[in-house]
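Engineer: The structure is given below, and queries will be raised subsequently.
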Amino acid sequence: MERLDKATSLGDSLILEKMLYEVDIKVFQILMKIQTTEKANYEITLNMFNNWLEEHGYKERYALWSQTLQVTSGTLENIKRLIQSDKHQKSVNSINKFYNPNSHGISQ
């Protein structure tokens, strides 16, 4: 960046701008690879855990919601209703309310 600020000709500026652009692209590619790998690891772990739960007779299963899904407003309401009606989700919500002082209106 310092060299770009000191560049005196258009040719030098373009070369330096291209170099900076290529560095930015490489950083972006690395970050995308990290994110993709992390997501794949979560999915593999989740599948293994759900299989273990099934093999050992547990009824609950876990799902990742890291993806954005395009759905109609009716479908979104159905999803929300389904999650809220799930017995296990109700117990998790009640535990979260118990441990979250802000949900009781208590200020810290």
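The values are calculated or read from the model by the stated rules, or taken from the named source; none is laboratory data. Computed from a predicted model, the values in this text were never measured in an experiment. Every residue, glycine as well, gets a Cβ built from its backbone with ideal geometry; the counts of neighbours run over all protein chains shown.
Engineer: As an exercise: evaluate E38 against (1) at pLDDT 90 or above; (2) in a helix (DSSP H, G or I) and give the number of the one condition it does not meet.
Structural biologist: Single failed check for E38: (1).
Engineer: Quick one: count up the residues across the stretch 46-58 that are in contact (Cβ under 8 Å) with a residue 12 or more places away in the chain and within 18 Å of K87 (Cβ to Cβ).
Structural biologist: Pass one, the stretch 46-58, residues in contact (Cβ under 8 Å) with a residue 12 or more places away in the chain: 46, 49-50.
Subsequent filtering for residues that are within 18 Å of K87 (Cβ to Cβ) retains 50.
Matching residues across the stretch 46-58 total 1.
Engineer: Mind listing just one residue for me: the one in the stretch 51-95 that is of a type in the set (K, R) and surrounded by 11 or more Cβ atoms within 10 Å (Cβ to Cβ) and, of those, modelled with the highest pLDDT?
Structural biologist: Initially, the stretch 51-95 is screened for residues of a type in the set (K, R), giving 59, 61, 80-81, 87, 90.
Cutting the leftovers down to surrounded by 11 or more Cβ atoms within 10 Å (Cβ to Cβ) gives us 61, 90.
Numbers: R61: 83, K90: 60.
Filtering first and then ranking leaves R61.
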